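The structure appears right after this line, and notes come after that.
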């Protein structure tokens, strides 16, 4: 007799592949109906997936398109998790100056009181 095709729950696989920190987070995303399997929306956490399926789901601020290569048996280290899928989503362009990392103090240590005042004023103007 031949073995049945290997299958795994969707929320478990998303957790194993390290797309979400916890299985409950993965389950919440699936339950909200935001995940598509081969283009078909699903909201069942217990739906089974198999290799060669294509998943589409939101992650952070962009949409991920992932092809499943293997199912996995545990949540292992990152290299092991990355071997479970192929990323089909286009690379996201990095936006420059989206959030300033450090205010301009010319790298000369701690800002003066005048620098702090101008920084506070610029933050207030930015929020308005």
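Each value in this text was obtained by applying a stated rule to the coordinates, not by laboratory testing. Computed from a predicted structure; not experimentally measured. Please note: Cβ atoms are built from the backbone with ideal geometry, for glycine as well, and neighbour counts cover all protein chains shown.
Using Cα-Cα distances under 8 Å and only pairs 6 or more residues apart, what relative contact order does region 8-87 have, in percent?
Working: 144 pairs, mean separation 22.5, N = 80.
After rounding, I find 28 percent.
For the pair residue 74 and residue 53, a Förster radius of 22 Å applied to the C-beta separation gives a FRET efficiency near 0.65, rounded to the nearest 0.05.
Projecting label points 7 angstrom from Cα along Cα→Cβ for residue 36 and residue 87 puts them 2.0 nm apart.
The Cα atoms of region 8-87 define a convex hull whose projected area, averaged across directions, is 4.5 nm².
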